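I have placed the structure first, in the form of structure tokens, so that the comments after it can refer back to it.
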Amino acid sequence: MFPVKELKRSLLISIWFAFLTFPIMVIKVDAIERTVAYRWDNMFFVAFGSFVISILAKVFILRKERRAGLKKVKKEIAEPFVQRILREPRFLYPLSLAVLVFALVFPSIFSTYQTNIMTTALMYVVLGLGLNIVVGVAGLLDLGYVAFYAVGAYSYALLNLHFDMGFWAVLPIGGLFAAFLGVLLGFPVLRLRGDYLAIVTLGFGEIIRLVLENWNAFSQGPSGIANIPRPGFFGMQMSFESGITYIYYIVVALVVFTIFVVNRLQNSRLGRAWLALREDEIACQAMGIDKTKTKLIAFSLGAFWAGLVGVIFAAKTTFVNPASFTFLESAIILSIVVLGGMGSIVGVICGALILILMPEYLRALSEYRMLAFGGILVVMMVFKPDGIISNVRRSYRFKKQSPKQVNES
Amino acid sequence: MDYFIELFFGGLTRGSIYALIALGYTMVYGIIGLINFAHGEIYMIGAFTSFIVATVLSIYGFPLLAIVVIAGLAAAVWSSAYGFTVEKLAYRPLRKAPRLAPLISAIGMSIFLQNYVLLAQTSDFLPFPELIPEFAFMEPVAHVVGSSDLVILITTTLVMVSLTCLIKFTKIGKAMRATAQDKTMAVLVGINVDRVISATFIIGSALAAIGGLLIASHIGQINFYIGFIAGIKAFTAAVLGGIGSIPGAVLGSLVLGLTESFATGYVSSDYEDVFAFSLLVLILIFKPSGLLGKAETKKV
């Protein structure tokens, strides 16, 4: 069943990994005490783990190949179960209604703590959907997305500090600030090819963070800005708990609004232009699409959503400092989009919920969280580049009509 | 004037370290057109390996010269092994995938390797043993140029010369240039492209490891995060010089090193990284092909 040749190969792989990880996993030196500790058990784990993983990977690949062979015979590719549900309105509408009702009653069923976590997860849903416009739909790899998030958060913190402006006044302003910055940055750099764009946005994200960290007079430096008020509701005073529930509902409303807008956008003329740009820029320009303008709109729209969530983030945590806006944050949001499935709204929602909620409930594994993120990105790209729920392009389908229908018409 | 010379040599040292890392980026980009995000991490692993080996050897009482040689070799061997493995696991299966896929995979690999070192070793800054002694003959100029600056400059020059020879005159170098020009044609004339790509990763990683060893002993401390910033800066340097071009990477690194050194010396040290990134943004806006790069026109 499993060839001996493969076993031998796996054995070689495990020896190779044992060698590879030897200095870093096994030897642990203390330069001050001048002692060396050898952790041979780690070597055993690595060797054993890589042996098992290599066998599993091989089995997976073999199965995939066999299935690919079968598919050719069957000719018609079976649509995944999830997508069939998503395409059929009679399943989709009740399902989304059920999810919405669950989301609305969530705070009354679960504790304040759970609600708080859920709020965070939903904020990442919005961030993911925002980045999805840029990365998933328009195909512009933005690695400095967190910069716009920071702009939103800081615009609430600073406008509140200096001008005493309230949450609701700043919410659109923060978003617009971020969008404006997106245009400002996008204008020169969107002419660049994809991978350069990734680096420039990464550099831009770092610049924003470094400026926030070092320009003490402006942003109070690394210590950040504290005592940011929570959002008010027509001047009503709220207890701590109801405040959290209130923010939760704001975020739910934002999620619904975002899904609505993104969904409408994707099927619009603009959305189709984005998809076309992602596939082939030159062909797209030949069809008369203004490349720079279309990209710029995607970029600034993505930034707008990051700005909105930034304002909510500042209001939720009542404290902002530059440490919240590192590259890692950008990487997490990117993993959400990639894991969920680039361009797919449902996928991104699932991705955000999985990536943000899982570490919360697996506290013991929190140390390994970033390791897992990195691993997931690689494994997803290698084995399932479309993500959990891949996006299905809108296309016209030929429906076979029954003779009865033909007669009627 | 002394201050100027000090900054100048500081910038040169910095630049030559960047060059060692930037070469790896530029070679990989030249051949498979991928920004190898994990390259900075390879450099960090090189620095860690040399740290571990050097410390172990010094505890066992080896002489300094033996420590330097063995640590350097170990760093180069293990870094190359990592570079080779990363390419095989994360990039090779994606050779024909859409453009974004290998880039995201590279980012994932970078995060993975960072956290792997963080978990297996420590998150603290580790004191790196001083591997480069203070030379007596450097005494008169020691206030502007340190001994380690001298060693770094000499080593990097030697490395660059041998790399140039390797690419110009050996068989594998020729194969590399051929692959960079046209992969399909290279296959047709009997070049094993997979092996050439592996070789590129191995050479680039070994260079990064030497850079890691040198800079770690120059600065005197390392931690798991050094690869990220160094990687970004080296990439900046590679783009500055024109990515894909080997002399360009060296020139770009020197320009970047000097810019940073003078900017931090005369303007402000808080914004060190900001200068580098701003330089990158400016270059990409005004001359996207870099100083020595050729402008690419895409044909349909």
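The values are calculated or read from the model by the stated rules, or taken from the named source; none is laboratory data. Keep in mind the model is a prediction, meaning the values are calculated, not measured. Here the Cβ positions follow ideal geometry from the backbone for every residue, glycine too, while neighbour counts run over all protein chains shown. Each accessible area value is taken on the protein alone, full model and side chains, heavy atoms only, with ligands, DNA and RNA left out. Shrake-Rupley method; radii C 1.70, N 1.55, O 1.52, S 1.80 Å.
Tabulated data
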| quantity | calculated |
| --- | --- |
| Verdict on residue A:335 being touching a residue at least 60 places away in the same chain (Cβ under 8 Å) and under 30 Å from residue B:227 (Cβ atoms) | no |
| From B:68, B:86, B:77, B:53, residue being under 16 Å from residue B:215 (Cβ atoms) and either open to solvent by 10 Å² or more (accessible area, probe 1.4 Å) or not aromatic (Phe, Trp, Tyr) (or both) | B:68 |
| Residue list for segment B:239-255, restricted to those being at the interface with chain A (Cβ under 10 Å from one of its Cβ atoms) and either of a type in the set (Asp, Glu) or open to solvent by less than 10 Å² (accessible area, probe 1.4 Å) (or both) | B:239 |
| Checklist (1) crowded, with 22+ Cβ neighbours inside 10 Å; (2) at pLDDT 85 or above applied to residue B:195, failing item | (1) |
| Residue in segment B:258-278 that is crowded, with 24+ Cβ neighbours inside 10 Å, out of contact with any Asp or Glu (no Cβ under 8 Å at 6 or more places or on another chain), within 14 Å of chain A (Cβ to nearest Cβ) and hydrophobic (A, V, I, L, M, F, W, C) present | no |
| When residues of segment B:110-130 are limited to those that are facing another protein chain (nearest Cβ under 7 Å), open to solvent by less than 20 Å² (accessible area, probe 1.4 Å) and not small (Gly, Ala, Ser), the one farthest from the chain's Cα centre (by Cα) | B:121 |
| Among residues of segment A:328-359, those that are in contact with an Asp or Glu (Cβ under 7 Å, 6 or more places away or on another chain) and part of a helix (DSSP H, G or I), counted | 0 |
| Those residues of segment A:195-235 which are open to solvent by less than 10 Å² (accessible area, probe 1.4 Å) and at positive phi, in sequence order | A:221, A:224 |
| Test for residue B:97: is it assigned to a loop (DSSP other than H, G, I, E, B) and either facing chain A (nearest Cβ under 10 Å) or touching a Phe, Trp or Tyr at 6+ places or on another chain (Cβ under 8 Å) (or both) | yes |
| Wholly within segment A:203-309, helices (runs of 4 or more DSSP H) carrying at least 2 residues that are at pLDDT below 90 and of a type in the set (Phe, Trp, Tyr) | A:240-266 |
| Count - residues of segment B:32-50 that are assigned to a helix (DSSP H, G or I), out of contact with any strand residue (DSSP E or B) (no Cβ under 7 Å at 6 or more places or on another chain) and surrounded by 24 or more Cβ atoms within 10 Å (Cβ to Cβ) | 10 |
| Which numbered condition residue A:367 fails, given (1) of a type outside the set (Gly, Ala, Ser); (2) modelled with pLDDT under 85; (3) within 19 Å of the chain's Cα centre (by Cα); (4) in a helix (DSSP H, G or I) | (3) |
| Any hit, segment B:200-210, residues being over 23 Å from residue B:152 (Cβ atoms) and part of a helix (DSSP H, G or I) | yes |
| Enumeration of residues in segment A:13-44 that are loosely packed, with under 14 Cβ neighbours inside 10 Å and part of a helix (DSSP H, G or I) | A:15, A:40, A:41, A:44 |
| Which numbered condition residue B:104 misses (of (1) open to solvent by 10 Å² or more (accessible area, probe 1.4 Å); (2) in a helix (DSSP H, G or I); (3) more than 18 Å from residue B:203 (Cα to Cα)) | (1) |
| Scope segment A:99-117; condition within 16 Å of residue A:346 (Cα to Cα) and open to solvent by less than 60 Å² (accessible area, probe 1.4 Å); matching residues | A:103 |
| Residue in segment B:253-262 that is assigned to a strand (DSSP E or B) and at pLDDT 80 or above present | no |
| Cβ-Cβ under 6 Å pairs, at least 6 apart or on other chains, segment A:308-328 side open to solvent by less than 30 Å² (accessible area, probe 1.4 Å), far side of a type in the set (D, E, K, R) and part of a helix (DSSP H, G or I) | A:322/A:209; A:322/A:213; A:325/A:209 |
| Residues of segment A:118-140 that turn out to be buried (at least 24 other Cβ atoms within 10 Å of the Cβ) and part of a loop (DSSP other than H, G, I, E, B), as a count | 2 |
| Subset of segment A:178-196 [more than 9 Å from chain B (Cβ to nearest Cβ) and in a helix (DSSP H, G or I)] | A:178, A:179, A:180, A:181, A:182, A:183, A:184, A:186, A:187 |
| Hey, residue B:129 part of a loop (DSSP other than H, G, I, E, B) and not small (Gly, Ala, Ser) or not | yes |
